[in-house]
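**Student:** Take a look at this one; I'll ask things after.
The values are calculated or read from the model by the stated rules, or taken from the named source; none is laboratory data. Note that the structure is predicted; figures quoted are calculated from it, not measured. All Cβ positions, even for glycine, are placed from backbone atoms using ideal geometry, and neighbour counts span all protein chains on display. Protein only, heavy atoms only, side chains kept; ligands, DNA and RNA dropped before computing areas. Shrake-Rupley method; radii C 1.70, N 1.55, O 1.52, S 1.80 Å.
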Amino acid sequence: MKVIILGSGVIGVTSAYYLARAGHEVVVVDRQPKPALETSFANAGEVSPGYSSPWAGPGVPIKAIKWLLMKHGPLVVRPKPDPAMWTWLLKMLRNCTAERYAVNKRRMIPIAEYSRDCLRALRGEIGIHYDERSRGTLQLFRFASQLDHTADDIAVLKQYGVPFEVLDREGCIAAEPALAAVKDKIAGGLRLPQDETGDCHMFTQALALEAEKLGVRFEFNVAIDGLIADASRVTGVATGKGVLQADAYVVALGSWSPRLLRPLGISLPVYPVKGYSITVPISDASGAPESTVMDESYKVAITRLGDRIRVGGTAEISGYSDKLYAARRATLDHSLTDLFPRGGDLAKATFWSGLRPMTPDGPPVIGATRYGNLHLNTGHGTLGWTMACGSGRALADLLSGRKPEIDVSELSITRYDHRFG
């Protein structure tokens with residue numbers, strides 16, 4: 001088939017690569033001049049299947065109040081007269097039950113684990129490099145009470161066979177030697193040794209070159225104006241270059257996906273949740289992290305990417321705004337300098353924000369729609385980098401008429417045909 005993919009972030013490019021590898025003619029359309037210049041550009045750098053959990057969970061509404069009142073809190077809400085914002089928040093609150101959390105976690109872990117395995121296979125098959133490291137992720141607890149509340153998470157890790165280590169202070173320092181300088185600030189940690197790190201932007205641009213070798217054509221600097229459809233099928237994409245046509249269409253536009261789909265009568269409950277990051281040159285390698293340290297108190301990830309440190313965090317619900325707020329950077333600066341005071345040169349840091357496409361229940365949306373040739377690969381939230389390769393490969397299998405290697409039926413948009421949607 002000829003397939004048009006809308007979006008050239010990590011989700012769109014992995015979809016294009018696997019579809020081309022399956023023998024399809026693929027065209028990728030994006031308004032940007034290059035791949036991975038929006039949400040995939042400067043994320044936290046984690047490939048973390050073990051931390052693939054819904055944001056909506058028991059106790060979150062109470063925690064959210066605390067986070068909103070913290071000086072360096074991980075949550076910011078900037079209210080807008082936007083019905084989509086309030087509808088999404090209500091749906092998320094409806095998913096904050098133990099029952100829904102268990103269902104949604106069950107849907108997320110398999111695609112995340114599968115995706116990490118696909119990424120590893122890609123490294124072996126095409127030798128792709130992206131400042132990758134396979135040294136695990138350390139969730140760092142500053143207080144004993146945080147360590148005491150990990151029982152439920154550990155139970156889920158055991159259920160899915162995810163290797164883990166519960167560490168005391170010395171164990172954390174053994175995993176991340178630079179923390180020895182701040183050992184009095186550490187109560188313990190939860191380490192997932194199978195998790196990986198890497199530069200998502202670097203990976204996506206490198207994979208786009210590999211996709212071009214397979215015949216994928218990228219149409220950059222092209223505005224996507226809308227989908228054209230009859231009662232049962234999409235017949236074209238209206239763009240700044242005219243109408244583009246194919247046999248099948250894939251929407252991989254992240255937070256912008258719902259706006260494109262709404263005129264077709266498809267209600268996709270994806271809403272942007274802005275995240276921030278700073279990228280800091282390493283000034284002292286011995287004072288920098290070896291892999292990723294998750295600062296649980298501030299929900300900030302501190303990741304080593306080659307000769308840089310990427311510090312990412314904050315969940316800001318503020319619509320489609322890409323404005324950079326100094327207070328958000330202050331939180332990232334604080335977490336880095338508090339844990340790795342010698343690691344990076346903050347004076348040379350770059351500051352960035354991206355709009356994560358979040359579903360109210362947590363899992364992404366992958367698969368067919370009620371239009372026979374229109375497919376979705378979106379809504380991955382904070383886990384787009386973690387889930388990208390598995391999502392792209394599963395989608396390619398679906399479009400090729402093959403059964404994916406894992407069951408993705410529960411990731412379909414049809415799961416929203418009930419009251420929790």
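**Student:** Just to confirm a number: summing +1 for Lys and Arg and -1 for Asp and Glu over residues other than LEU383 whose beta-carbon lies under 14 angstrom from that of LEU383, what do you get? Please list the in-between numbers first.
**Tutor:** Numbers: positive: LYS105, ARG107, ARG116, ARG356; negative: GLU46, GLU113, ASP195, GLU196, ASP361.
Computed value for this residue: -1.
**Student:** Which value in deg cm²/dmol, rounded to the nearest 500, describes the helix-derived mean residue ellipticity at 222 nm for the chain, given -39,500 (n - 2.57) per DSSP H run of n ≥ 4 and division by the residue count? Spell out each step's value before the answer.
**Tutor:** Numbers: 11 runs with 133 residues, N = 421.
The helix-only estimate for the chain comes to -10000 deg cm²/dmol at 222 nm.
**Student:** Helix 200-213 against the longest principal axis of the chain: what's the angle in degrees, Cα atoms only, rounded to the nearest 10?
**Tutor:** Roughly 30 degrees, rounded to the nearest 10.
**Student:** To the nearest 10 degrees, how steeply does helix 10-21 sit against the main Cα axis of the chain, on a 0 to 90 scale?
**Tutor:** 50 degrees
**Student:** Under 14 Å from the Cα of LYS34, which aspartates and glutamates turn up, not counting those fewer than eight places away in the same chain?
**Tutor:** GLU212, GLU219
**Student:** For the chain, with a Gaussian network of springs between Cα atoms less than 10 Å apart, report the residue from GLY23, GLY236, GLY127 with the top mean-square fluctuation.
**Tutor:** The residue with the greatest mean-square fluctuation here is GLY127.
**Student:** Strictly under 4.7 angstrom between C-beta atoms: which cysteines of the chain have no such partner?
**Tutor:** Cys with no partner Cβ under 4.7 Å: CYS96, CYS172, CYS200.
**Student:** While we're here: Non-local amide H neighbours of THR239 (under 5 Å, H modeled in plane, Pro and chain starts lacking H): which ones?
**Tutor:** Excluding prolines and chain starts, which carry no amide H, the hits are ASP225, LEU244.
**Student:** On to the next question. Hey, which lysines would be in cross-link range of LYS71, C-alpha to C-alpha under 28 Å, not counting anything within fewer than 8 residues on its own chain?
**Tutor:** Excluding near neighbours in sequence, the set is LYS63, LYS80, LYS91, LYS183, LYS185, LYS274, LYS299, LYS323, LYS348.
**Student:** Normalise the Debye intensity by I(0) for the chain, one equal point scatterer per Cα, no solvent, then take log10 at q = 0.07, 0.08, 0.09, 0.13 Å⁻¹ and round to two decimals.
**Tutor:** Scattering profile of the chain, log10 relative to I(0): -0.31, -0.41, -0.52, -1.12.
**Student:** Cut-off under 17 Å on the C-alpha distance; same-chain residues fewer than 8 positions from LYS66 excluded. Which aspartates and glutamates are left, in chain and number order?
**Tutor:** ASP295, GLU296, GLU316
**Student:** Taking amide hydrogens as modeled 1.01 Å from N in the peptide plane, which residues meet the under 5 Å criterion relative to ARG308, leaving out close sequence neighbours?
**Tutor:** ILE282
**Student:** Here's something else I'd like to know. Return the whole-Å distance between the Cα centroid of the stretch 21-69 and the Cα centroid of the stretch 390-406.
**Tutor:** So the two Cα centres are separated by 20 Å.
**Student:** Follow-up. Report the percentage of all Cα-Cα pairs in the stretch 87-218 whose separation exceeds 19 Å, rounded to a whole percent.
**Tutor:** Numbers: 5599 of 8646 pairs.
Tail fraction, whole percent: 65.
**Student:** Just to be sure I understand: with springs between alpha-carbon atoms less than 10 Å apart, which residue in ALA315, ALA22, ALA368 has the highest mean-square fluctuation in the Gaussian network model of the chain?
**Tutor:** In this elastic network of the chain, the residue with the biggest mean-square fluctuation among ALA315, ALA22, ALA368 is ALA22.
**Student:** In square angstrom, what is the accessible area per residue of the chain with a 1.4 angstrom probe?
**Tutor:** Numbers: 16620 Å² over 421 residues.
The answer is 39 Å² per residue.
**Student:** Right, next: Report relative contact order for the stretch 240-353 in percent, whole number only (criteria: Cα-Cα under 8 Å, sequence separation at least 6). Mind showing how you got there, number by number?
**Tutor:** Values: 176 pairs, mean separation 35.5, N = 114.
Relative CO of the stretch 240-353 lands at 31 percent.
**Student:** Please list, in order along the stretch 145-159, the HN-Hα scalar couplings obtained from phi with the Karplus expression 6.51 cos²θ - 1.76 cosθ + 1.60 (θ = phi - 60°), rounded to whole Hz, x for Gly and Pro.
**Tutor:** 4, 5, 5, 5, 9, 8, 4, 5, 5, 5, 4, 5, 4, 5, 4
**Student:** A further question follows. Over the stretch 9-89, what is the relative contact order in whole percent, taking alpha-carbon pairs under 8 Å and six or more residues apart? Before the final figure, lay out the partial values.
**Tutor:** Working: 26 pairs, mean separation 16.1, N = 81.
With pairs under 8 Å counted, the relative contact order is 20 percent.
**Student:** When the Karplus curve 6.51 cos²θ - 1.76 cosθ + 1.60 is applied with θ = phi - 60°, which whole-Hz ³J(HN,Hα) does each residue of the stretch 119-134 get, with x for Gly and Pro?
**Tutor:** 5, 4, 5, 4, 4, x, 7, 10, x, 6, 10, 7, 6, 7, 9, 10
**Student:** Still on this structure, please answer the following. Roughly how tilted is helix 384-399, in degrees to the nearest 10 and between 0 and 90, from the longest Cα axis of the chain?
**Tutor:** Approximately 30 degrees, to the nearest ten.
**Student:** A follow-up question, please. Before anything else, pin down the relative contact order of the chain: Cα pairs under 8 Å, at least 6 apart, normalised by residue count, whole percent. Numbers along the way, then the final one.
**Tutor:** Numbers: 964 pairs, mean separation 115.8, N = 421.
Result for the chain is 28 percent.
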